[in-house]
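Undergrad: Got a structure here, written out as structure tokens. Questions coming.
Throughout, read-outs are computed from the coordinates displayed, never taken from laboratory work. Remember, predicted model here, so these are calculated numbers, not experimental data. Here the Cβ positions follow ideal geometry from the backbone for every residue, glycine too, while neighbour counts run over all protein chains shown.
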Amino acid sequence: MKPSGRDQFVELLREAIMGGSLAKLTLAKPAGTDPTLRNLFVRPVLLRSGPRFAFVWRHATKDITKNHGAEEALRLLEPMVGSDFLDAHLFTATHGAQLETAPGKSSLRVKALGKPLDSTLGNDRRKNHAIGADAPWLRALGVTDVNGRPLAAMADKFRQIEKFAELLGHLIKEAALPTGRRTRVYDMGCGKGYLTFAASELLGDRADVCGVEQRADLVDLCNRVAVEQGFAGRLSFRKGSIADAPVDSADVLIALHACDTATDDALAKGVSAGAALLVVAPCCHKEVRPQLVSPAVLSAALRHGIFEERHAEFATDALRAQLLEWAGYRTRVVEFISTEHTAKNVMITAIKDHPKGDPVVAEGIREFAAFYGIRRQTLASHLGFALT
């Protein structure tokens, strides 16, 4: 009898861990009893005590990291695959494997990678990045080790920080920022402050950067690290939600992976404050999805949940981009970082460069909304734009 897809995946996992070829493992779609659990990420790490596997349990408001030896890692992982987590993605240096589990069946896909996956996280190569891996604040926030090398479990986060700093550096040069005073930057829903610190490091003493986060423990941590790492006077963090935080005057407003309409709240605050530059990476698109009325020719395709989700993402973010154009911004939608590192990879950037209220743009927005049956949308409401 041919082994099931799950059994084949577990065997591949066993070979990768025991053979030392595992680059990373992602377990997604949790099916357990903890409603806050989102994913489990596993990567090899080299500790003073020897090789280990770092387990990063990602919850809604926190990450929990634990390290295990090879046998213990397998003992923990094997019963989770296809049970506690319905999706699993395994990467070695040369191959990738994806397992999808549904009631009564499991589907396995294995493919050779187009180029070898770089798993040499502790090497001595140095690239000319806007944010160097040896920045002390990265170590203080748990991204790098004492030698300035990205920790295995934080490799994706480090790449995200690098990419963000690179993009922000280009955007800062394009935007009409003030020259006679310090630039005011807000990072809304900043979490642990990785990208807030990156923005402050990039802009230096010419900017006052403020991170807004509603979790008090993260605010306290970030303020402490900011003082300890020499950012006092130009970087601060305060407690508050995106919707309620006062932003009276802003030149740059950032909101990365703010969930659902929190992205709209952040954009609206930036527009209202007269920000010259808006940078958002949306996450979740729950508001528009149930409203969508699609052409009949798409009905068969949109019965599949993943297509329906991506369709909602497109409709929501395309509408946001058009609304920002109407509000006086030159808008671009770009890939933030490769989907190899995060599924939420769309970034909307907007630079203020023309008057608000172009009637041609307004007409196009209403035609777009009517085509999809969108009757309400939070950013439109904040901007006072009638979709119908």
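Undergrad: Which of the trypsin sites (Lys or Arg not before Pro) across the range 40-100 are loop residues per DSSP, with 13 or fewer other Cβ within 10 Å?
TA: ARG48, LYS62
Undergrad: Which entries in the list LYS239/LYS269; LYS157/LYS239; LYS24/LYS66; LYS24/LYS105 go over 21 Å, if you measure between the two C-alpha atoms of each?
TA: LYS157/LYS239; LYS24/LYS105
Undergrad: Using a Gaussian network model of the chain with C-alpha springs under 10 Å, which one of LEU37, LEU202, LEU323 is most mobile by mean-square fluctuation?
TA: Most flexible of the set in this elastic network: LEU37.
Undergrad: Another question about this same structure. Mind listing the long-range amide H neighbours of ASP187? Cut-off is under 5 Å, sequence gap 5 or more, other chains count too, H placed in the peptide plane at 1.01 Å from N.
TA: Amide H neighbours of ASP187: CYS210, GLY211, VAL212, ILE254.
Undergrad: Connecting C-alpha atoms closer than 10 Å in a GNM of the chain, tell me which of GLY240, GLY132, GLY305 has the biggest fluctuation.
TA: GLY305
Undergrad: Which part of the range 136-155 falls in the paramagnetic zone of LEU47, meaning amide N under 13 Å from the point 7 Å along Cα-to-beta-carbon?
TA: Label zone hits: 152-153.
Undergrad: On a full-extension model of 0.36 nm per residue, what is the gain between VAL360 and GLU71, subtracting their alpha-carbon distance, rounded to one decimal in nm?
TA: On the way: separation 289, 0.36 × 289 = 104.04 nm, distance 6.37 nm.
Roughly 97.7 nm would be gained on extension.
Undergrad: Step through the residues of the range 91-100 one at a time and calculate ³J(HN,Hα) from phi using the Karplus curve (6.51 cos²θ - 1.76 cosθ + 1.60, θ = phi - 60°), rounding each to whole Hz and writing x for Gly and Pro.
TA: Result, rounded to whole Hz: 10, 10, 5, 10, 9, x, 9, 10, 10, 10.
Undergrad: So for the pair VAL346, ASP34, with labels modelled 7 Å out along Cα→Cβ, what separation do we get in nm?
TA: 3.0
Undergrad: Which one of ALA153, VAL334, THR388 is farthest out on the positive end of the charge dipole of the chain, using unit charges on Cβ (Lys, Arg +1; Asp, Glu -1) and the Cα centre as origin?
TA: Looking along the dipole axis, the top candidate is ALA153.
Undergrad: Let me ask another. Percent relative contact order of the range 256-388, based on C-alpha pairs within less than 8 angstrom and at least six residues apart?
TA: Value for the range 256-388: 31 percent.
Undergrad: Need one number for the chain: average projected area of the convex hull over its C-alpha atoms, nm².
TA: 21.7
Undergrad: Would you calculate, for the chain, the mean residue ellipticity at 222 nm contributed by helices, counting each DSSP H stretch of 4 or more residues as -39,500 (n - 2.57) and dividing by all residues, to the nearest 500?
TA: Only helices count here, giving -10000 deg cm²/dmol.
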